[in-house]
1. Note down the relative contact order for region 2-166 as a percent, whole number, built from C-alpha pairs under 8 angstrom at least six residues apart.
2. Is it possible to state the helix-based mean residue ellipticity at 222 nm for the chain, with each DSSP H run of 4+ residues giving -39500 (n - 2.57), the sum divided by total residues, to the nearest 500 deg cm²/dmol? What is it?
3. Rank 35, 16, 117 by mean-square fluctuation in a GNM of the chain with C-alpha springs under 10 angstrom and give only the top-ranked residue.
4. For residue 103 and residue 3, calculate 0.36 nm times their separation in residues minus their Cα-Cα distance, and state this gained length in nm to one decimal.
5. What is the distance in Å between the Cα centres of region 32-75 and region 111-149?
6. Bin width 10 Å, origin at 0, all Cα-Cα pairs of region 103-156: what percent of pairs per bin?
7. In a GNM of the chain with a 10 Å cut-off on Cα contacts, which of 156, 113, 129 has the highest mean-square fluctuation?
8. Neighbouring Cβ atoms within 10 Å as the yardstick, rank 162, 102 fewest first.
Ligand SMILES: [Mg+2]
């Protein structure tokens, strides 16, 4: 069970993921959560930094798709602003949204990473889909609805416990499947 909640990699922000690190992991595609990963929950606006980061990935021929449990109109507007495809109402932790995203992007499991802020949604969905998983620190989680905030305490306990299995520094990353710290 715990294997399905353990991210392969933990970072502060998606902005820490440069082209070099993504390539070092052997990844071709990032499947991105939206709320508290790319933006604050209470805004529909994308910061210039995130917009520039996504553009940089696309310019480097990396593929990007948003996968969110949020509703269609809100997520589609956000995705349009970034110029990337999306899957709304994904029902994470079910893996279906990520599988749909991979089909849409034309990529395989081993070259895909799910990046998100929640163990019980993003990381579990990514693990179930068989892709690499990257946990980011949530952006202003205090703005989230109560049902999401309920999950933060057990998440924090698990994360403290998992800290003992030291996260891999970005510079030591190896292609997906070859990283000793990453149980397949
Ligand atoms: Mg989120």
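Computed from the coordinates by the stated procedures, all read-outs in this text should not be read as laboratory data. Note that the structure is predicted; figures quoted are calculated from it, not measured. In this analysis, Cβ positions are derived from the backbone assuming ideal geometry, glycine residues included, and neighbour counts consider all displayed protein chains.
1. Numbers: 291 pairs, mean separation 49.4, N = 165.
Result for region 2-166 is 30 percent.
2. Details: 7 runs with 60 residues, N = 184.
Helix contribution divided over all residues of the chain: -9000 deg cm²/dmol.
3. Taking springs between Cα atoms under 10 Å, the residue moving most is 16.
4. Numbers: separation 100, 0.36 × 100 = 36.00 nm, distance 2.48 nm.
Answer, rounded to one decimal: 33.5 nm.
5. 13
6. 23, 46, 23, 8
7. The residue with the greatest mean-square fluctuation here is 156.
8. Numbers: 162 17, 102 24.
Taking fewest neighbouring Cβ atoms as first place, the list is 162, 102.
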